[in-house]
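First the structure, in the form of C-alpha cells, and then the observations on it.
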Amino acid sequence: MDIEGNDYERIRFLNFATTEPSYIDPTQYKTGESKENKWSSIYFYNKNKADELIFNFTIFDDDYKEKRDSLKKYLWGKVDLIDFSDLKDVFKSTPDEKLKKVVNAFNKYAGDYEINTPKKIAHFFGQIGAETSLTNLAEDSYSKSGMLSSSLTRTCRSSGNGYVLKYCDLFTNYETESTNTCPFPHCTTQITVAGTSINLEGGIRYATQAYMTEKALEAKNKYFNEKPNDKDFFDYVYACRLGNGTIDSKDGSRFKGRGYLQMTGHYNYNAFQKKWNELNGRTKPMNFIDRTDSSDANIEKIETDTEISMLSAMVFWEMKEINDKITDLSDDNIKKISKTVNGGLNGLEHRQKITKEIYEKIKVE
C-alpha cells in the first residue's frame, strides 16, 4: 500500500462503530504509540458521542512516526496543527525567527499531548501567548519604580490587629529579622498599612499605589541593580512559599518563573519533574530540582531552548489536566483555564482575546 510516497507493508484498520449513524470530526482525534514495539495509531471518535471510538489506523514500522504523519496528510491534507501565518497574524511584534521555532516545536510535540484540536490549540496559545508573547521565557525582576506599583510588592500580611507590608526589606530603612528561617520573616520595624489604604483582590490584601507613593518608600539598590534578573529580588520575594526554602537557600531565583507558562516555585518544578520523568524519562532524561550545577543548567534550558520550553509547557498542561477542562471558547471557559494556569486571573482579557483570535485562524468550518 502506497500513501504519499511511503510504502506501508503493515497497516491495520479496525472499525468499532456501534451507533447508527456514526460521524467523525477529522480534527477530533487522538494518537498512541509504542516506542518499544514500533507502532503508532490514530483514533477517531463519534462526533455525536465523544467517548465512542469509531475506527483506528495502526501502523507497524521502524519509521512509524514519519508514516503516521504521511497518513495524516493523506487523510486530511495537512500534518502541521498550526502554521507560521496563523501565529504571525496574532503575535505581530514577535520576531519571525522566534515564531518559526515555536511553530516547529509545537507541531513536533502537540500530538503526543493531545493538544490537537482547534479548541485545545487556541486555549494553549491563548495562555502561553499571554504569559510570554512567545518570546519572554524568563520572569523579570522589577525596576525601582516597579517596586512601588507591582501588586506583588504591595502585598500585605496580618500583624497583631492590623496589616503590614509583607516584603518590607525591599525598601530602605527596613531590615528583615532573618534570612535563614521560615515562615517568611517580618522586619525589625514594620510598615503598617491602614485598612483604608488596602484593596482586597482575590482574597489577597494589597496596599494601594497611592499609599506607596504617600509613604515615600524607596527601593533598595540591591533589589533592582541587576534587572531583569536580579537574584536578590527573587530570593527574597519567593522565599518560604511555593515549596521554596529560606532567603539564603536561593530557591527564589533558582525556581523563578520560566518557560511558556512561567512555571514558578519548587512545588511546581517538583511536580513538573515527576510528570517529565513519566512522559520523557526514557527519551529525554533531565533533572531540574536537585539544586546542583547540572540541574541548574537544565533549568536554564527552560528559558533558552525552545523545544525544552515547549515541552515544559505541555507537560504542565497535562499535569494540570487542562485538556479535560476545555469545553468551548466562552469567556467563562477561558477564565477557568486561566485560573488553572496562572493561579489567578492576571491578564484575563488579554488571554481571552488571544484565545479567540487563534481559534478564528485555525477553526474548521
Check your understanding: What is the gain in length, in nm to one decimal, between SER159 and LYS88 on full extension, counting 0.36 nm per residue of separation less the C-alpha to C-alpha distance?
Key -> 20.6 nm
Point to revise | Relative packing of peptides 207-213, 163-169 - highest average C-beta neighbours within 10 Å first | key: 163-169, 207-213
Exercise for review: Mind listing the long-range amide H neighbours of VAL193? Cut-off is under 5 Å, sequence gap 5 or more, other chains count too, H placed in the peptide plane at 1.01 Å from N.
Suggested key: TYR163, VAL164, LEU165
Check your understanding: Which peptide among 322-328, 302-308, 274-280 comes first, and what is the full order, when sorted by highest mean count of other Cβ atoms within 10 Å?
Key -> 302-308, 274-280, 322-328
Check your understanding: Residue separation times 0.36 nm, minus the C-alpha to C-alpha distance between LYS100 and GLU321: what's the value?
Key -> 76.9 nm
Review point. For the peptides 261-270, 286-295, what is the packing order when you average, over each peptide's residues, the other Cβ atoms within 10 Å and list the highest mean first?
Key: 261-270, 286-295
Revision key, fill the gap. Taking Lys and Arg as +1 and Asp and Glu as -1, residues besides ILE247 with C-beta under 10 Å from its C-beta add up to -4
Review point. Listed here are the pairs LYS108/LYS339; LYS119/LYS335; LYS120/LYS284; LYS119/LYS336; LYS166/LYS301; LYS256/LYS335; which of them are more than 21 Å apart at the Cα?
Key: LYS108/LYS339; LYS120/LYS284; LYS166/LYS301; LYS256/LYS335
Point to revise | FRET E, pair ASN107, LYS336, Förster distance 25 Å, beta-carbon r, rounded to 0.05 | key: 0.40
Study note, to complete from the structure: With ASN333 itself left out, Lys, Arg at +1 and Asp, Glu at -1 over residues whose Cβ is under 14 Å from its Cβ give +4
Point to revise | Spacing of the two label points (7 Å from each Cα toward its C-beta) at ASP140 and CYS182, in nm | key: 2.9 nm
Check your understanding: When only C-alpha pairs under 8 Å and at least 6 residues apart count, what is the relative contact order of the stretch 295-349, in percent?
Key -> 18 percent
Revision key, fill the gap. Spelling it out for GLU52: with amide H atoms placed in the peptide plane at 1.01 Å from N, the residues 5 or more places away or on another chain with amide H under 5 Å from its amide H are ASN46
Check your understanding: To the nearest 0.05, what FRET efficiency results for GLU300 and LEU53 with a Förster distance of 35 Å applied to their C-beta separation?
Key -> 0.25
Practice item. Express in nm, to one decimal, how much length is gained between GLU114 and ASP293 on full extension, taking 0.36 nm for each residue of separation and deducting their alpha carbon distance. Key: 61.1 nm
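No lab work stands behind these numbers, since they all come straight from the coordinates. Since the model is a prediction, treat every value here as computed from it, not as a measurement. Neighbour counts run over all protein chains shown; Cβ positions are idealised from the backbone, glycine included.
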